[in-house]
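The values are calculated or read from the model by the stated rules, or taken from the named source; none is laboratory data. Note that this is a predicted model, so its numbers are computed, not measured. Here the Cβ positions follow ideal geometry from the backbone for every residue, glycine too, while neighbour counts run over all protein chains shown. Side chains are part of the model used for accessible areas, which takes the heavy atoms of the whole protein and leaves out ligands, DNA and RNA. Shrake-Rupley method; radii C 1.70, N 1.55, O 1.52, S 1.80 Å.
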Amino acid sequence: MTPTPHLLATRSLSARYGDFQALFSVDFRIAAGEVVALIGANGAGKSTFLRALMGLLPVGRDMVLFEDQPVGGNPPHHMVQLGVAMVPEGRRLFAGMSVEDNLKVAIDHARKTGDKTWTLERIYRLFPILQEKRNAQVEKLSGGQQQMVAIGRALLAQPRLLLCDEISLGLAPKVIREIYEVLPEIARTGTSIVLVEQDVMLAQRASNRLYCMLEGHITLESTSSEVTRADIAQAYFGAGHEVA
Amino acid sequence: MTTANTALLANAGTLAPPAHDVTVIRHTGSSRIAAAACIVLLVAMVTMPWWGQSGHIRWVVEFSVYLAIAQMWNLLAGYAGLVSVGQQAFVGVAGYTMFVLTSNFGINPFLAVWLSVLVPGLLALPTYALLHRLDGPYFAIGTWVVAEAVKLIVLNIDYVNAGSGMTLRVMSQYSLHEREVGIIWLCASMLLATVGGSYWLLRSRHGLALTAMRDNPVAAESQGVNVKRLRFLIFVAAAMGTGLAGSIYYMAQLRITPAAGFNPSWANICIFIVMVGGIGTIEGVLVGALIYFVADRFFAQYGAVYMVVLGLMTLLTALYARQGIWGLIVSRIHIPLFPVGRKLIMPSQTATGRPQ
Amino acid sequence: MKWLDALIQGVLLGGMYAQYALGMALMFGVMRIVNIAHGDLVVLLALIGITLSVAVGLGPLPLVLVLVPLAALIGWGLQKFVLNKVVGADSLPSLIATFGLSIALQNLMLEIWSADTRSMSGGGIEAASVNVGGIYIGLLPVLILIAATLLTGGLDLTMRRTRFGRALRAAAADTEAAAMTGVNPRVVYAYATAIAVGILGLSGVFFALRATVSPADGPAQLIYAFEAVIIGGMGSIWGGFVGSMVLGIAQAIGFRIDPGFGTLAGHLVFLTVLATRPQGLMSKG
């Protein structure tokens, strides 16, 4: 097997919440510019996995490698400086602050090395409605608009790896389409994307490769265009994954 | 998990009794020893005027008062989630009521102590109505301001001698021995009512509701615990229990002033004893009260340094040992003195030599 | 005339409270941290100031230059070594931790400075006043009010317009989301508390010039600061200022009605606001 150049990889990543082990020896990799989907049922450990990558969960140093450097357990603001940004589940915007102030927080603390690919103007071009609403408090926005702010906020951190947690959750189909249309543009800038998604079809279409998780284990790794529905069903629900 | 279980159990009274092959354990060896020790101590206490020294009787009175007000605060903060820093309001008004009833209405002081707890109970009603919607720190500050306001009002009432306070002259009609018997018996009743009452409450079906509420009020509510009503009842009961302790304390002192009766240090004592001893347990309150009593009794003569130490102990408890000293003890050895839980023993655990 | 005088004196008194309330508005109002030792820190700084002015002969202005950095350092350490360990959704741990600190500080000050009241001599400024149409207006209270106004305006702008202000508001709104946006919440909180306590360095000097100070004075200053912030409305920097004015005016008018009613009037106004508008006067909704 020839080693593929990867931006981020995990080696036997395990994580727990107190007594509850949420991740079991997860091996994962993503190359520069790649879009990788992560699917699985509720509670499979997808969000936990992203949180572990972002430094929001205590994990072993060698369990997460960024450009082959061990970075596991780095605090989140260090991960941002390395080039990891996250669109968290439930958006988690800064309530009581305007759209523009939410975005400015990211600009203020963006990755210092490398080009400033993303500017406020570019985010406003990507999501014109945000320019219109830039002085509105974020809690006054619709769900889709809030999701745009969350994506904009993550992009303004100038990430090389963008972690997206359930960005379609609770949104109307038209809004989901609008949001998913910008993913190729983000990928074209060379930014890798990890896409946690409930909608398997959507995830498959939007990604180059995909992983499926079940009860904290990776049960499937495949090129998105080649994977069959039967493979996914088996990995998703666990029928016989132990013998695979 | 625990939350759901305790909340479920709180409703257990409406359910069928457990199958007869499951045993419910509510006592342990250590708790039986503790219960026996309590009875011995209580007997020793009520007979003390016939064998003890007056100085030591005063110590017992003081210690009992600390124990009672701290246990009342423990019910408030440890179970109802009501962090009050204004308990001195109830100490003061009960003390003043007792003085007024005896000095101005000629009521027997030992009866007046019991009557005086009605006033803190009444004061608790508008206080709770005003503050119950407020969360955490708001509630705490609110109770403090209410206590300050009550103090300032009493300071301005000439009927109770305003700032100069009142003296309990009627006590001089009793001999020292009579006074000691009266006060020590009051103290014993107070401990039975406050500490014993809490223990009984926590072991009753309401205890499960209380524990569920402590662990997670929202989950408890969804399991049918009437959190609002329970909180209200605890607030009023704690006000009355705290008032009883205040009345007895100032009867022993023979004198009350607004500055003393409404001193925020009453709240400080509660917080120190419960937080350092161990919140949410009766054993913790005992440990905390002992530490405070010993520190106050034997180190106060060397200046305020002991209070610096007590303050730092509270700080360190909040930082490193949220469950207090008793929590540190039980994390090492399991010796419940006042168990309030129920332990289910399945037949498979008790049966020995079961055929395979 | 009597009432106009009460109003003016109330506003001037409010200026003093606004200085305590400012740090409280930042810590309690924005960061949701309950710092019971806030009042004791004012007293501590005032007592250090008095001692320095007696021992070294420092005037009020050099004292401010010494005490403000010292206070900021104390605030930074308080956040870093104490409060950062207890911040969270539950405010009880921060309340208990700072409560313990408050008891320790009060009694430590009692050991060092004894229970005596002291005051600072400011070379005549503390007694200077002007007579405006029959109402005596003290120069020092006016100076305190001006300083409070400038500080409030400055802090409000800092919160709204600067990188630090945005980071602090973000961390207060959602600490974890702020961290994944690149903010180091612990550092931002440590700076914020350094500012909140740093302001008390100035308040401490004014307090010592304006009134007598004793180690037991902390809780009263604390309660006024809390009342001001809650009357004004949480999360609003100017809210603490407005609340201070309301409190100062209530106390001054109460005092004119009956000298024993002054502080009580302030408490009653506070309780009325709590009962009728618990979100505060300045807050929306």
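Report yes if some residue within region B:218-231 is under 23 Å from B:Q323 (Cα atoms), open to solvent by 30 Å² or more (accessible area, probe 1.4 Å) and modelled with pLDDT of 90 or more; otherwise report no.
yes
In region A:13-35, how many are of a type in the set (V, I, T) and in contact with a helix residue (DSSP H, G or I) (Cβ under 7 Å, 6 or more places away or on another chain)? Please lay out each step first, then the result.
In the first step, residues of region A:13-35 are kept if they are of a type in the set (V, I, T); the result is A:26, A:30, A:35.
From the residues that got through so far, the ones that are in contact with a helix residue (DSSP H, G or I) (Cβ under 7 Å, 6 or more places away or on another chain) too are A:26, A:35.
Residues meeting the conditions: 2.
Taking the condition of being within 11 Å of another protein chain (Cβ to nearest Cβ) and not hydrophobic (A, V, I, L, M, F, W, C), how many residues in region B:144-172 meet it?
Pass one, region B:144-172, residues within 11 Å of another protein chain (Cβ to nearest Cβ): B:144-158, B:162-163.
With the extra rule that they be not hydrophobic (A, V, I, L, M, F, W, C), the set shrinks to B:148, B:151, B:156, B:158, B:163.
Number satisfying all stated conditions: 5.
For C:G134, only one of the following conditions fails: (1) loosely packed, with under 15 Cβ neighbours inside 10 Å; (2) of a type outside the set (K, R); (3) modelled with pLDDT of 95 or more. What is its number?
(3)
So C:G100 ticks every box in (1) closer than 20 Å to C:V205 by Cα; (2) buried (at least 20 other Cβ atoms within 10 Å of the Cβ); (3) within 14 Å of chain B (Cβ to nearest Cβ) but one. Which box is left unticked?
Failing condition for C:G100: (1).
With respect to C:S114, determine if the residue is within 14 Å of chain B (Cβ to nearest Cβ), exposed (fewer than 14 other Cβ atoms within 10 Å of the Cβ) and out of contact with any Asp or Glu (no Cβ under 6 Å at 6 or more places or on another chain). Before you say what the answer is, go through the steps one by one.
Working: within 14 Å of chain B (Cβ to nearest Cβ): yes; exposed (fewer than 14 other Cβ atoms within 10 Å of the Cβ): yes; out of contact with any Asp or Glu (no Cβ under 6 Å at 6 or more places or on another chain): yes.
Criteria met by C:S114.
Can you tell me which residue within region A:82-91, out of those that are more than 7 Å from chain C (Cβ to nearest Cβ) and not small (G, A, S), is nearest to C:R169 (Cα to Cα)?
Step by step, filter region A:82-91, then rank; the result is A:R91.
Residue by residue, here is whether (1) surrounded by 15 or more Cβ atoms within 10 Å (Cβ to Cβ); (2) at pLDDT 95 or above holds:
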| residue | (1), (2) |
| --- | --- |
| B:A162 | no, no |
| B:G165 | yes, no |
| B:R169 | no, no |
| B:L176 | no, no |
| B:A188 | yes, yes |
| B:S198 | yes, no |
| B:L201 | yes, no |
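Counting only residues that are surrounded by 24 or more Cβ atoms within 10 Å (Cβ to Cβ) and within 7 Å of another protein chain (Cβ to nearest Cβ), how many does region C:180-195 have?
Count: 4.
Considering every residue within region C:37-45, establish whether at least one is outside any helix (DSSP H, G or I), within 12 Å of the chain's Cα centre (by Cα) and at pLDDT 95 or above.
Yes, region C:37-45 contains a residue that is outside any helix (DSSP H, G or I), within 12 Å of the chain's Cα centre (by Cα) and at pLDDT 95 or above.
Take the conditions under 15 Å from A:E89 (Cβ atoms), buried (at least 21 other Cβ atoms within 10 Å of the Cβ) and β-branched (V, I, T) and apply them to A:I39. Does it pass?
Working: under 15 Å from A:E89 (Cβ atoms): yes; buried (at least 21 other Cβ atoms within 10 Å of the Cβ): yes; β-branched (V, I, T): yes.
In short, yes.
Find the residue count for region A:123-166, including only residues that are charged (D, E, K, R) and under 15 Å from A:L183 (Cβ atoms). It would help to see each step written out before you state the result.
We begin by selecting, within region A:123-166, every residue charged (D, E, K, R); these are A:125, A:132-134, A:139-140, A:153, A:160, A:165-166.
With the extra rule that they be under 15 Å from A:L183 (Cβ atoms), the set shrinks to A:165-166.
Summing the residues that are charged (D, E, K, R) and under 15 Å from A:L183 (Cβ atoms) in region A:123-166 gives 2.
Condition first: open to solvent by less than 50 Å² (accessible area, probe 1.4 Å) and not small (G, A, S). Now tell me which residues in region A:71-85 satisfy that.
Taking region A:71-85 first, the residues open to solvent by less than 50 Å² (accessible area, probe 1.4 Å) are A:71-77, A:79-80, A:83-85.
Across region A:71-85, the qualifying residues are A:V71, A:N74, A:P75, A:P76, A:H77, A:M79, A:V80, A:V84.
Of these, A:F94, A:F49, which one is more than 19 Å from A:A187 (Cα to Cα), of a type in the set (F, W, Y) and more than 14 Å from chain C (Cβ to nearest Cβ)?
Answer to the selection: A:F49.
Just need a number here: residues in region A:9-20 that are modelled with pLDDT under 90 and either outside any strand (DSSP E or B) or not charged (D, E, K, R) (or both).
Kept after step one, since they are modelled with pLDDT under 90, are these residues of region A:9-20: A:16-20.
Next cut, either outside any strand (DSSP E or B) or not charged (D, E, K, R) (or both) only: A:17-20.
So the answer is 4.
Could you check C:L83 against (1) away from chain B (no Cβ under 12 Å); (2) open to solvent by less than 10 Å² (accessible area, probe 1.4 Å) and say which number it fails?
Unmet for C:L83, out of (1) away from chain B (no Cβ under 12 Å); (2) open to solvent by less than 10 Å² (accessible area, probe 1.4 Å): (1).
Out of region B:211-262, which residues are touching a Gly at 6+ places or on another chain (Cβ under 6 Å) and not in a helix (DSSP H, G or I)?
B:I256, B:T257, B:F262, listed by residue number.
Name the residue, out of B:L130, B:L115, that is in contact (Cβ under 8 Å) with a residue 12 or more places away in the chain, more than 14 Å from chain C (Cβ to nearest Cβ), open to solvent by 30 Å² or more (accessible area, probe 1.4 Å) and assigned to a helix (DSSP H, G or I). Outline the logic, then answer.
Numbers: B:L130 fails: more than 14 Å from chain C (Cβ to nearest Cβ).
Matching residue, one of B:L130, B:L115: B:L115.
Take A:L38 and tell me if it is hydrophobic (A, V, I, L, M, F, W, C) and either more than 14 Å from chain C (Cβ to nearest Cβ) or without any contact (Cβ under 8 Å) to a residue 12 or more places away in the chain (or both). Break it down stepwise before answering.
Numbers: hydrophobic (A, V, I, L, M, F, W, C): yes; either more than 14 Å from chain C (Cβ to nearest Cβ) or without any contact (Cβ under 8 Å) to a residue 12 or more places away in the chain (or both): yes.
Yes; evaluated as a whole, the condition is true for this residue.
Count, please, the residues in region C:239-277 that happen to be within 9 Å of chain B (Cβ to nearest Cβ) and aliphatic (A, V, I, L, M).
5
Which members of region A:3-36 meet the condition of being β-branched (V, I, T) and surrounded by 15 or more Cβ atoms within 10 Å (Cβ to Cβ)? Lay out the reasoning, then the answer.
If we filter region A:3-36 for residues that are β-branched (V, I, T), which is where we start, we get A:4, A:10, A:26, A:30, A:35-36.
Within region A:3-36, A:T10, A:V26, A:I30, A:V35, A:V36 qualify.
For B:V24, work out the one condition from (1) at pLDDT 90 or above; (2) open to solvent by 10 Å² or more (accessible area, probe 1.4 Å); (3) not small (G, A, S) it doesn't fulfil.
If we test B:V24 against (1) at pLDDT 90 or above; (2) open to solvent by 10 Å² or more (accessible area, probe 1.4 Å); (3) not small (G, A, S), just (1) comes out false.
Hey, can you tell me all the residues within region A:97-110 that are more than 8 Å from chain C (Cβ to nearest Cβ) and either open to solvent by 10 Å² or more (accessible area, probe 1.4 Å) or basic (K, R) (or both)?
Here is the first cut: in region A:97-110, the residues more than 8 Å from chain C (Cβ to nearest Cβ) are A:98-100, A:103, A:107.
If the condition is that a residue be more than 8 Å from chain C (Cβ to nearest Cβ) and either open to solvent by 10 Å² or more (accessible area, probe 1.4 Å) or basic (K, R) (or both), then A:S98, A:E100, A:I107 are the ones that fit.
Here are the criteria: (1) in contact with a Ser or Thr (Cβ under 8 Å, 6 or more places away or on another chain); (2) at pLDDT 95 or above; (3) surrounded by fewer than 21 Cβ atoms within 10 Å (Cβ to Cβ). Tell me which single one A:Y124 does not satisfy.
A:Y124 satisfies all of (1) in contact with a Ser or Thr (Cβ under 8 Å, 6 or more places away or on another chain); (2) at pLDDT 95 or above; (3) surrounded by fewer than 21 Cβ atoms within 10 Å (Cβ to Cβ) except (1).
Which residues, counting only those in region B:138-177, are within 20 Å of B:L101 (Cα to Cα) and acidic (D, E)? Show your work before the answer.
Applying the first criterion (within 20 Å of B:L101 (Cα to Cα)) to region B:138-177 yields B:150-151, B:153-174.
Of everything in region B:138-177, just one residue is within 20 Å of B:L101 (Cα to Cα) and acidic (D, E), namely B:D158.
Have a look at C:F164, C:F206 and point out the one that is touching a helix residue (DSSP H, G or I) at 6+ places or on another chain (Cβ under 7 Å), within 14 Å of chain A (Cβ to nearest Cβ) and part of a helix (DSSP H, G or I). Quick ask: steps written out before the conclusion?
Values: C:F206 fails: within 14 Å of chain A (Cβ to nearest Cβ).
Among C:F164, C:F206, only C:F164 is touching a helix residue (DSSP H, G or I) at 6+ places or on another chain (Cβ under 7 Å), within 14 Å of chain A (Cβ to nearest Cβ) and part of a helix (DSSP H, G or I).
Filter region A:144-157 down to the residues that are crowded, with 23+ Cβ neighbours inside 10 Å and not β-branched (V, I, T) and list them by number.
Step one: list which residues in region A:144-157 are crowded, with 23+ Cβ neighbours inside 10 Å, which gives A:147-157.
Hits for region A:144-157 are A:Q147, A:M148, A:A150, A:G152, A:R153, A:A154, A:L155, A:L156, A:A157.
For region C:201-219, enumerate the residues that are β-branched (V, I, T), in contact with a strand residue (DSSP E or B) (Cβ under 9 Å, 6 or more places away or on another chain) and closer than 20 Å to C:V68 by Cβ.
Filtering region C:201-219 for residues β-branched (V, I, T) gives C:205, C:212-213.
The next check asks that each one be in contact with a strand residue (DSSP E or B) (Cβ under 9 Å, 6 or more places away or on another chain); those that pass are C:212-213.
Listed by number, the list holds a single entry, C:V213.
For region C:220-248, give me each residue that is closer than 9 Å to C:A21 by Cβ and either open to solvent by 10 Å² or more (accessible area, probe 1.4 Å) or touching a strand residue (DSSP E or B) at 6+ places or on another chain (Cβ under 9 Å) (or both).
Correct list: C:Y224, C:F241.
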